[in-house]
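Structure record follows, encoded as structure tokens.
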Amino acid sequence: MPDLVAPLTTWFRVHARDLPWRAPGYGAWGVLVSEFMLQQTPVARVIPLLEAWLERWPTPTDLAAAAPAEAVRHWANLGYPRRALWLHRAAVEIRDRHAGAVPRDVDALLALTGIGDYTARAVAVFAYGDRHPVVDTNTRRVLARAVDGRSQPGPPSRRDLEAMAALLPEDRSEAAAVNAAAMELGALVCTARAPRCDACPIAHACAWRAAGFPDTGDTRRRQARYEGSDRQARGAVLRVLRDATDHAAPWDSVIPDWADPRQRDRAIDSLIADGLAEASDGMLRLPR
Ligand code: SF4
């Protein structure tokens, strides 16, 4: 599909956001941490915390030497705090298996805790400049519309990687640019709710547009409401522990006035089950 590639990369070189992890020499550790933080969290919330994180732990070995509780504490309000524990475990694995250097090989990356198809390839491509397809939610939407003529992508599958691989030029740096450009187009122009086709560099070749924008269905999972959810209760418990002296508080003093006491207990139980909190002697604390 050469019709898409040249206009995509030309557009990207003019319109790409100036994001910290795109700076030359940002390093594989910085790219890896940024990818962990960007899963499910908007760019604007990630940037300040990412910079503080890399200042505190400039290498995987630095993070590996810290207590897991410190990682959870400094994850702050990024949400989905299991990612902090996974990143800490990945740092330990990088120190122990790879002499402290983030691996370049996709299979070695996939073997690290918390790293899936997307993140492994993103690190190999954006940090090391290798040639692999990188497919995130935004890319899947662009491919669904421009190539397949559908309004929304279907459930994630191996076919997504094959479809992106078919677009990539042989040249490694051009291939990296196409990967980044497709993601950026989905983030800025071909958005889920209101695609701006008048500003789209591949509008001329878009199958969905050519077909008259048919509604072909939407199988995306809706994110559950945060307000009143168990996630909100978990976040409130973690906030108490993050702010407590030594990151520990008497069990009974943790959000004692929560409107739904059963939800509070459920939140605490699930945090313990996830390894994000520990209980002993009537105290609840962040993992040591
Ligand atoms: S023309 Fe519209 S629908 Fe097609 S890829 Fe561009 S923004 Fe998306």
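The values are calculated or read from the model by the stated rules, or taken from the named source; none is laboratory data. This one's a predicted model, so the numbers in the text were calculated from it and none came from an experiment. Positions of Cβ are backbone-derived with ideal geometry, glycine not excepted, and every protein chain shown enters the neighbour counts. With ligands, DNA and RNA removed, areas are computed over all heavy atoms of the protein, side chains included. Shrake-Rupley method; radii C 1.70, N 1.55, O 1.52, S 1.80 Å.
Residues are listed down the side, and each one gets a yes or a no for (1) under 28 Å from Q223 (Cα atoms); (2) open to solvent by 50 Å² or more (accessible area, probe 1.4 Å); (3) within 16 Å of the ligand (Cβ to nearest atom):
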residue: A101; (1), (2), (3): no, yes, no
residue: R104; (1), (2), (3): no, yes, no
residue: A124; (1), (2), (3): no, no, no
residue: R131; (1), (2), (3): no, yes, no
residue: D136; (1), (2), (3): yes, no, yes
residue: T139; (1), (2), (3): yes, no, yes
residue: R158; (1), (2), (3): yes, yes, no
residue: A165; (1), (2), (3): no, no, no
residue: A175; (1), (2), (3): no, no, no
(request) Could you please give the count of residues in region 181-212 that are part of a helix (DSSP H, G or I) and within 20 Å of the chain's Cα centre (by Cα)? (result) 8
(request) Examine region 74-85 for a residue that is assigned by TED's automatic domain parsing to the domain that holds R45, open to solvent by 20 Å² or more (accessible area, probe 1.4 Å) and free of Cβ contacts under 8 Å to residues at least 12 places away in the same chain, and state whether such a residue exists. (result) no
(message) On the basis of being within 22 Å of A16 (Cα to Cα), exposed (fewer than 12 other Cβ atoms within 10 Å of the Cβ) and more than 8 Å from the ligand (Cβ to nearest atom), does R193 make the cut?
(response) yes
(request) Specify which of the listed residues (L238, L271, L284) is surrounded by 15 or more Cβ atoms within 10 Å (Cβ to Cβ), outside any helix (DSSP H, G or I) and modelled with pLDDT of 90 or more. (result) L284
(message) For region 213-220, check the following and say yes or no: at least one residue is closer than 30 Å to L4 by Cα, of a type in the set (D, E) and outside any strand (DSSP E or B).
(response) yes
(request) Considering only residues that are of a type in the set (S, T, Y) and in a helix (DSSP H, G or I), look in region 12-62 and name the one that is nearest to A120 (Cα to Cα). (result) S34
(message) For region 35-60, which positions are of a type in the set (D, E) and open to solvent by less than 60 Å² (accessible area, probe 1.4 Å)?
(response) E35
(message) Regarding region 145-167, can at least one residue be identified that is within 21 Å of the chain's Cα centre (by Cα) and among the β-branched types (V, I, T)?
(response) no
(message) Can you find a residue that is in contact with a His (Cβ under 6 Å, 6 or more places away or on another chain), crowded, with 17+ Cβ neighbours inside 10 Å, in a helix (DSSP H, G or I) and touching a residue at least 40 places away in the same chain (Cβ under 8 Å) anywhere in region 87-96?
(response) no
